[in-house]
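Report on the structure given below.
The values are calculated or read from the model by the stated rules, or taken from the named source; none is laboratory data. Not measured: the values here are computed from a predicted model. Don't worry about glycine lacking a Cβ; one is built from the backbone with ideal geometry, like all the others, and counts go over all protein chains shown. Areas reflect the complete protein model, heavy atoms only, side chains present, ligands, DNA and RNA absent. Shrake-Rupley method; radii C 1.70, N 1.55, O 1.52, S 1.80 Å.
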Amino acid sequence: MKPFTYERPGTPAEAAAAAASTPGARFIAGGTNLLDLMKLQVETPAHLVDVNGLGLDGIEPTPEGGLRIGALVSNTDLAADARVRKDYAVLSRALLAGASGQLRNRATTAGNLLQRTRCPYFYDTAQPCNKRRPGSGCAALDGVSRQLAVVGSSEACIATNPSDMAVAMRILDATVETVDAEGTRRRIGMADFHRLPDERPELDTTLRPGELVTAVTLPKPLGGAHVYRKVRDRASYAFALVSVAAVVRPDGTGRVAFGGLAHKPWRVEAAEADLPRGARAVAEGVLAGARPTHENAFKLKLAERTLGAVLHQARA
Amino acid sequence: MACASAATAMAAMPTGTSARPAGGEQPVMAKVGLTVNGERRELELDTRTSLLDAAREHLHLTGSKKGCDHGQCGACTMLVDGRRINACLTLAVMYQGSEITTIEGLGQPGDLHPMQAAFIRHDGFQCGFCTPGQICSSVAVLREIEAGIPSHATADLGKVAFSEDEVRERMSGNICRCGAYPNIVAAIREVHEGARG
Amino acid sequence: MKFDTPAGANPIDRLKVVGKPTDRIDGPRKTTGTAPYANDWHDPQSRLAYGYVVGAGIGKGRIAGMDVSRAEAAAGVLAVVTAANAGKLDRGAFYVARALAGPDVDHYHQAVALVVAETFEQARAAAALVRVDYVRSEGVFDLAAAKDTAVAPKAGPFVSPEAKAGDFEAAFATAPVRIDESYGTPDHAHAMMEPHATVASWDGDRLTLWTAIQQMNWGVRDIAKTLGIAKGNVRLVSPFIGGGFGGKGTILSDAVLASLGARAAGRPVKVSLPRPLMFNNVTHRPATIQRIRIGAGPDGRITAIGHESWSGNLPDGPPETATEPTRLLYAGPNRLMRMHLARLDLPEGGAMRAPGEAPGMMALEIAMDEMAERLGMDPVAFRVLNDTQVDPENPRRPFSRRQLVECLRRGAELFGWERRVAKPGQVRDGRWLVGMGMASAIRGAPVMRSAARVRLDGRGMVTVETDMTDIGTGSYTIIAQTAAEMMGLPLDRVVVRLGDSAYPESPGSGGQWGAASSTAGVYAACVKLREAVARRLGFNATDAVFEDGQVRAGNRSEPLVRAAAGGELVAEDGVEYGDLAEWFALQTFGAHFVEVGVDVDTAEVRVRRMLAVCAAGRILSPKAARSQIIGGMTMGIGAALMEELAVDARRGFFVNHDLAGYEVPVHADIPDLQVSFLDEIDPAASPLKAKGVGELGISGAAAAVANAVHNATGVRVRDYPVTLDKLLGGMPEAA
C-alpha cells in the first residue's frame, strides 16, 4: 500500500471536487473492499476522500411513495429499516445473506454497489487479469473458474459481480443518484449502472471518473412475495455460487434476477413473462447464449433449480 | 449512531487538511484522537495504519488479533461506537472522536466480563487466537438481537428473537479453526439466559 | 524413568484432579487477550522493526534478475534480504522446501525477499517495489497426470511403502463379493487462525525467536542447521500458539527470514506471513488418489483388502501415508497396502491433523459403506463382524486396548441408528432429503521421550517447566492436573510454564503424542520430587502418601510446604520408552454417526446432527478432550463438504489462497456435536494409562458425512469435497 493523503470533506459537492482535483483520488466509505484491495496493491490510490462526514446516511420517503437511501447507510441499517423489511423484504434478505455482521456494520449502500469482483486472479497481482491490468490477459478463462460467470462474459473477462444487494436492487428497479465535481446530478437506472465486461472489463459500472454516488432510490413498493435465495458451499459468510431475487404476485407473474452468473446482476425482463409457466421456461430465456467453462457449467442447472425453489417458496 | 459519530468527527477534524501531500513515497502522517477502553488516546499515525495496527502496534493492545488482515476471519473484531467491526479493514484516521472497546476493555483476569467467564466454563476456545474476536462479537450479537436487528436466520423479518440458529448465523463472521463452535454457542446461550434473569 | 512394562497402580489412579472436567487454567488469559502470541511480543526497550515477505510469482523456474534498489531507497527501509545477500542457507531436517528462493524458484509464493523497515506500513509498501524477472520452466502440477510417474517412496519412521500379508491378488480375484473403486482427496490447508509469525532478536551470536511452532526441539535443531549456527546459541519461545494442526511442526520461512532480517537490520524484526501468502508459501496436506479393493464372502467376512495411494511432493518430500489405517482397522488374511509418490512442483506437502488416517479413512470408510451395501449388510454390523483384536499383519501382536466394537455399538444406540432407512433417498423433511451415515475411526497413539522439571517453593507452590507446547490442546491444564495429582495439591497450587526451549525437552505437540508423552515426563519429574520431599521430611518415599497438601506415612503427617522450608526443591526427569509398541499395537478408536440434510432443489448439504464415541485410554481432562474431538469432527465436516485447495495446473499454484477462497466451516455449518468417551485405561500406553485424542476426532469423520449424503440422495461421490455440483445430476427431478 503506497502512501496516500487523506481528507474528510463536509459536503458531497466538496467531496466530488476534491476527488476531481487530486490525481489518483478515491472515495472511501466503509473501506471493507477498497482497503482489502489496497493491501494487495490491486488498488493504489494516492489520495483518499473520506465520505463518511457527508450526511448521506439517512433513509427518507420519496414523494412518489418510494424510499431514498443515502449512499452511506450501512448494510445493517438498511436491512433493519422497518420500511425496507416490510415493503422491500427482498432487499433486506439479500443484504442479510451477504458478508458477516461485522462487515455489514461498516459496508455502505454505495460501497456495496461498487464492490469489485472476487475472481481470485483479479486478487493476485502476479497473475494476468484484464480487469486489473488491461491487456494482460485473463488467467481465469482456462484456469480455476468454478465461481465465475456463465452468461454475459467476454473473451477478455469472466468475472462475476459479488453483490447480493445489487441483485435485489435490480428487480426493484432502483435508481442510483450521483453528483460530479461540477455539481451536476445524474440518475442511473440499475439496469444501466453495472456493465458487461466486453472489451473493457476494467470498467465495472457506467460511473464517470470522480462521480460520487449520493443515494439509491426505490420506487413505490411492488407488493407480492419477496424471496432471496443464496446458494453456496458453506452455510454463511461466503459468496454466492448462484443467487435468485424474486418478487412474485399471487397470479404467478413477477420479476426475477440472478446473482453469481454474470458481471452484473442478471435480469432478462423478456423471460419474466414465462414466470407463471415455471422455472424451466424462465431459465431458458435467462440463460440463452450462456458460455460456461467446464468447471462452472453446473451453474446453469443450479440456477434453474434454485429458481424453482424460489417459486415454490413464493407460492407457499 | 453512525451519524452522530460522523458529526463529532467533523467538528474535531483539522487532521483532514493536515494530511495533505508530503510528496513522493514518504509516509503521510495524521493526528487522530479516540477513546479506547474508556481512555482518551492521541496518536500521530501513518494514514495507512489500520485501526487494528493502531491498537496492536501503537497502543500495545495486542488482544485483538490479526488472523487474515482482509476481513475474512473476524479475529480483529472490536466494538466501535457500540457496533462490532473488522478492525483490520478500516483506517485509524477515520475514527476521530470514536469510542473503541477491545477485548481488554471488556474484562481482565480476575475481573472477567460475563461472556469471558462463560467462554471459560463452556470451553469456548482452544488455541485462543480467535477468542478475543469471538467474545467481542458475542457481546455485540446479543445486543443486536435485543435491538431487533434481523439476520439471515430470522424466519419472520418482523420478529427477531434469540435462538441457537440465530447465534450460529450471526457469529459466522468469526472463524474458529479449532472448532469450538458448539461450546461458543453454549456460552452465549448461558449469558443470554443469565441476562434475562 | 524407564517405561518398559505396562503401568501398575500409581498415585494418578486416585483421580482427585486428573480426569475431572476442569476449566482450562489458561482460560482467563486467552479470554481477555492477555495471552501473548508470537506476533504480540514487544519490548519497550528495543526498537522493533518490521519485515514483509515477497513471494515468488511463478510456480517453477528461475530468478533471472532482481531490482531491489527502489525498495532499498523507500522511506523507512532498513534492509532487503534476498538470496544474493543472505549467505549460505541449509534446510531443516523436517521440511524440505527452502525458506528463500534464488536463483531457482521451487514453488509459488516461495519467498524471494524480505523487506525490513521501521514500520509495518513502510515494509509492506517497499515490498511492492521489489522487481523480479523470472524465467519460467515446465513444472508438474497435476497429480492425476503425474500418477503414472509415481514410484515407491523411501521407507522412514512414519512411512511403510508397502505392507503385505497372505496373497491379496489371488484372494481378491476369487472373492464372491468385491469392490474396486478409486477415490480422490484434494489438497487441504491447515488454515490455523494465527499466521506463521516470528520476532527475531540477536545478541551477538545468540539468537532468540519468539515464534509459533509445535515442536521446540525440532525448531532449535532446524533453525541452527538452516543458519549454520550452534544449537546452543538458539532460544525459542512459544508460550501460546494460535493453532497448528501440523502446519507449524518446526520453523518455516517466517523464522528464517526474521533471523536474517534482524541480522541485516541490527534490530529485532517481526515477520508475519500475510494470509494470502500462507497457502502457497508453507505446507499443506497433499492430495491423494486412492484405489481400494475389498473382497468378502457372502457372510460379509473380509478375505482380501487392498489399499493403494498416490500422492505428490517436492523432491525429498514424503508421501501422504493414506494406507496406514487400513493395516490395522479390519480383519482379513490377505492384505496389500502400497504408497506411490510422484514428484510435483506444487508447494510442499506435509503433515496435517492425522496425516495418513485423515485422507486414508476418507476413502476407506466410503469403500466400507459401499461394500456393506453390496453385501446387503448394515454398515455397523459389517464393521463389527470384521473386527480384529490382533494386528492383522502379525497376529501375535495384540492391541493394547481396542474397543472399536463397543464404540460402534454404543454410537448406534445413542444416535438412534436403527431408524436409518437402508435404501437411499427415502427420507424427506420438507425440502430436505435426509440421510444417516457412519464410519469407524482409528488413529495411532505413539509416545515419545519427554522431560520436565518441577519445583516446590517456600509458599507451597509447585512450578512445572517443560518445552511442551499448547496449541489449543489443553497441555497447560493436563500438565497442571498431573502435577497436582502427584503432589497431592489442588490445581491452583500448580504453575505451568511451557514453550521455552530453555526448559527440559518434550516432543511437543504433534502426531497425537503430546498429551500422553508430556504428562508422562511430568509424572517422572514428580516421582523424583516426591522422593526429595520424603527425604527432607524423613519419610520413606515408597510409603509416603501425598494428599491435601500433606505428606503422610503411618500416623505421622507433615505439610508438603515444610519440605521447602530450607530452600526450593527442584527435580527433573523424563520418561524413556522401551519396546512396548512392538509387543502391542497402540491405537485409539472411535465411531462417527452423522445425519445430513440435502436440499432437494439445490443439493446444498448441511449437517443436522453428529456423534462421536471414542475410546482413547484414560481421559485426563474430559472438557478439553471433548473439545479436541469436536474440533476434529468440525475439520472433518470441512473436508467432507467444502475444503479444497484449487490447483491451477497450468500456472502451478493454489488459486484460492485466502480465507474467503479456501472455505472452512463457520458457526452456521456446525450443529451441536455430541461426544461420548468409553471408560478405558491403557496401562501399556503411558504411566498415566492415557493416550492422545487430538487427531482421533477427524479420522473417519468426513467419510461418515459422505456416507450420510449417499444415504440421503443415492448419489455416491468419491471425489472430495462433496459439493452440490457433484450431486445435482443425481437429484430427483425438480418439483
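Only one residue of B:78, B:61, C:516 has its Cα farthest out toward the positive end of the dipole of the protein assembly as shown, where Lys and Arg carry +1 and Asp and Glu -1 on Cβ, and that residue is C:516. Each principal axis of the Cα cloud of the range C:503-576 was taken in turn, and the coordinate range along them, longest first, works out to 46, 24, 20 Å.
Within the accessible surface of the range C:311-439, defined with a 1.4 Å probe on protein heavy atoms only, the carbon and sulfur portion equals 49 percent. Compactness of chain C is given as radius of gyration and Dmax, 26.6, 84 Å, from Cα positions.
Comparing A:234, A:200, A:118 in a Gaussian network model of chain A where C-alpha atoms under 10 Å apart are linked, the largest mean-square fluctuation is found at A:234. When only alpha carbons are used to place a centre, the range C:370-409 and the range B:29-86 end up 55 Å from one another. Summarising the label geometry, the points placed 7 Å from Cα in the beta-carbon direction at residue C:133 and residue C:422 lie 7.1 nm from one another.
Can you give the translational diffusion coefficient of the range C:81-129 in µm²/s, computed by Stokes-Einstein from the Kirkwood radius over Cα pairs at 37 °C and 0.692 mPa s? Spell out each step's value before the answer.
Numbers: Rh = 12.1 Å.
Value of D from the Cα-based Kirkwood radius: 270 µm²/s.
Restricting to Cα pairs below 8 Å that are 6+ residues apart, what does the relative contact order work out to for the range C:264-407? Please round to a whole percent.
Relative CO of the range C:264-407 lands at 23 percent.
Pairs of Cα atoms in the range C:349-414 fall into 5 Å distance bins, from 0 up to the last occupied one, in shares of 4, 14, 16, 21, 24, 14, 6, 1 percent.
To the nearest 20 debye, what is the magnitude of the charge dipole of the range C:244-363 about its Cα centre, counting +1 on the Cβ of each Lys and Arg and -1 on the Cβ of each Asp and Glu? Provide the component values of the computation, followed by the final result.
Details: 14 positive and 9 negative charges, 48 e Å.
Using Cβ point charges on Lys, Arg, Asp and Glu, the range C:244-363 gives about 220 debye.
How big is the antiparallel share of DSSP beta bridges in the range C:598-729, given as a percent to the nearest 5?
Working: 4 of 9 bridges.
Antiparallel bridges make up about 45 percent of those DSSP assigns within the range C:598-729.
Evaluated at q = 0.11, 0.16 Å⁻¹, a Debye calculation over the C-alpha positions of the range C:305-371 (equal weights, vacuum) places log10 I(q)/I(0) at -0.28, -0.55.
For a 23 Å ceiling on Cα separation, which of these pairs sit above it: C:60/C:225; A:230/C:726; C:16/C:623; A:131/B:66? Write out the running numbers ahead of the final one.
Working: C:60/C:225 25 Å; A:230/C:726 18 Å; C:16/C:623 16 Å; A:131/B:66 29 Å.
Too far apart for the 23 Å limit: C:60/C:225; A:131/B:66.
Applying the Karplus relation 6.51 cos²θ - 1.76 cosθ + 1.60 with θ = phi - 60° to the range A:182-196 yields 3J(HN,Hα) values of 7, x, 6, 9, 9, 10, 10, x, 4, 4, 9, 6, 8, 10, 7 Hz, where x marks Gly and Pro.
Computed from the C-beta positions of residue C:72 and residue C:162, the FRET efficiency with R₀ = 60 Å rounds to 0.65. Altogether, the Stokes-Einstein calculation at 20 °C and 1.002 mPa s, with the Kirkwood radius of the range C:142-201 over Cα pairs as Rh, returns a diffusion coefficient of 125 µm²/s. Here chain A is treated as a Stokes sphere of Kirkwood radius computed over C-alpha pairs; at 37 °C and 0.692 mPa s its diffusion coefficient rounds to 166 µm²/s. Spin-label model, residue C:45/residue C:174: points 7 Å from Cα along the beta carbon direction are separated by 7.8 nm. Across all Cα pairs in the range C:655-735, the calculated P(r) in 5 Å bins from zero up to the longest distance comes to 3, 9, 13, 17, 16, 14, 9, 8, 6, 3, 1, 1, 0 percent per bin.
Binning all Cα-Cα separations of the range A:221-316 at 5 Å, short to long from zero, yields these whole-percent fractions: 3, 14, 26, 27, 17, 9, 4, 1, 0. Calculate, in whole percent, how much of the Cα-Cα pair population of the range A:122-168 lies beyond 17 Å. The proportion of pairs with Cα distances above 17 Å equals 34 percent. Of the three principal axes defined by the Cα atoms of the range A:1-122, the extents in descending order read 45, 35, 20 Å.
Screening chain C for whole DSSP H helices with an alpha carbon extent of at least 27 angstrom along the helix axis and a mean Kyte-Doolittle hydropathy of at least -1.0 yields C:514-537, C:622-641.
Shielding value for C:639-645 is 2, the average number of Cβ atoms from other chains within 10 Å of each residue's Cβ. The modelled label-to-label distance for the pair residue B:193/residue C:576, using points 7 Å beyond Cα in the direction of Cβ, is 5.4 nm. Taking the accessible area of the range C:516-577, probe 1.4 Å, and keeping the other protein chains in place, the carbon and sulfur fraction comes to 42%. Would you mind getting me the FRET efficiency between residue C:155 and residue A:191? Use the beta-carbon distance for r and R0 = 56 Å, nearest 0.05. Calculated transfer efficiency: 0.30.
Ignoring ligands, DNA and RNA, what percent of the 1.4 Å accessible area of the range C:37-144 is carbon and sulfur?
Details: 2070 of 4350 Å².
Reported share for carbon and sulfur atoms: 48 percent.
Applying 1/(1 + (r/R0)^6) with R0 = 51 Å to the Cβ-Cβ distance of residue C:547 and residue C:413 gives a FRET efficiency near 0.85.
Note on residue C:231: lysines with a C-alpha under 29 Å away, same-chain residues under 8 apart excluded, are C:2, C:88, C:154, C:248, C:270, C:528. Need one word for the range C:595-701: rounded, prolate or oblate. Basis is the Cα gyration tensor (sqrt eigenvalues a ≥ b ≥ c); a/c below 1.5 gives rounded, then a/b vs b/c decides. Taking the square roots of the gyration eigenvalues as a ≥ b ≥ c, the range C:595-701 is oblate. Contact residues in the range A:100-123 by the 30 Å² criterion (accessible area, 1.4 Å probe, full protein complex versus chain alone): A:102, A:103, A:105, A:106, A:120, A:121.
Rounded, prolate or oblate: which one fits chain B, using the alpha carbon gyration tensor with axes a ≥ b ≥ c (rounded when a/c is under 1.5, else prolate when a/b beats b/c, else oblate)?
Numbers: a/c = 2.11, a/b = 1.74, b/c = 1.21.
Prolate shape, in that a/c is at least 1.5 and a/b is the bigger ratio.
Where the alpha-carbon atoms of the range C:307-434 are placed on the principal axes, they occupy 50, 47, 25 Å, in descending order. Taken per residue, the accessible surface of the protein assembly as shown reaches 32 Å², heavy atoms only and a 1.4 Å probe.
Given Cα pairs under 8 Å that are at least 6 residues apart, what percent is the relative contact order of the range C:591-723? Before the final figure, lay out the partial values.
Working: 226 pairs, mean separation 52.6, N = 133.
Relative CO of the range C:591-723 lands at 40 percent.
Using a 1.4 Å probe on protein heavy atoms only, how many Å² of accessible area do B and C hide from each other, summed over both chains and rounded to 100? If you can, show how the numbers build up before the last one.
Details: alone 10690 and 27120 Å², together 33100 Å².
Between B and C, the summed buried area is about 4700 Å².
Starting from the Cα gyration tensor of the range A:155-259, take the square roots of the eigenvalues, sort them a ≥ b ≥ c, and report rounded, prolate or oblate (rounded when a/c is under 1.5, otherwise prolate if a/b is larger than b/c, else oblate). The shape class here is oblate. On full extension, the segment bounded by residue C:89 and residue C:429 gains 116.3 nm, given 0.36 nm per residue less the C-alpha separation.
Chain C contacts chain A over a buried accessible area of about 3100 Å², both sides summed; the probe is 1.4 Å and only protein chains count. Close amide H contacts of residue B:46 (hydrogens built in the peptide plane, cut-off under 5 Å, sequence separation of 5 or more or a different chain): B:30. Be a star and scan the range C:120-134 for residues whose amide nitrogen sits under 20 Å from the point 7 Å along the Cα-to-Cβ vector of residue B:58. Within reach of a label on residue B:58, which here means backbone N under 20 Å from a point 7 Å along Cα→Cβ, the range C:120-134 contributes C:120-126. Each chain gives up part of its surface: A and B jointly bury about 4000 Å² of accessible area, both sides summed, for a 1.4 Å probe. Legend: mean number of C-beta atoms from other chains within 10 angstrom of residue C-beta atoms, peptide B:75-81, equals 2.
From largest to smallest, the equivalent ellipsoid semi-axes obtained for the range C:391-435 from the alpha-carbon gyration tensor read 36, 13, 7 Å. Quarter the surface of the alpha carbon convex hull of the protein assembly as shown and you get the mean projected area, 46.0 square nanometres. Let me know the mean shielding of A:3-14 by other chains, meaning the per-residue number of their Cβ atoms within 10 Å of its Cβ. The per-residue average across the peptide is 6.
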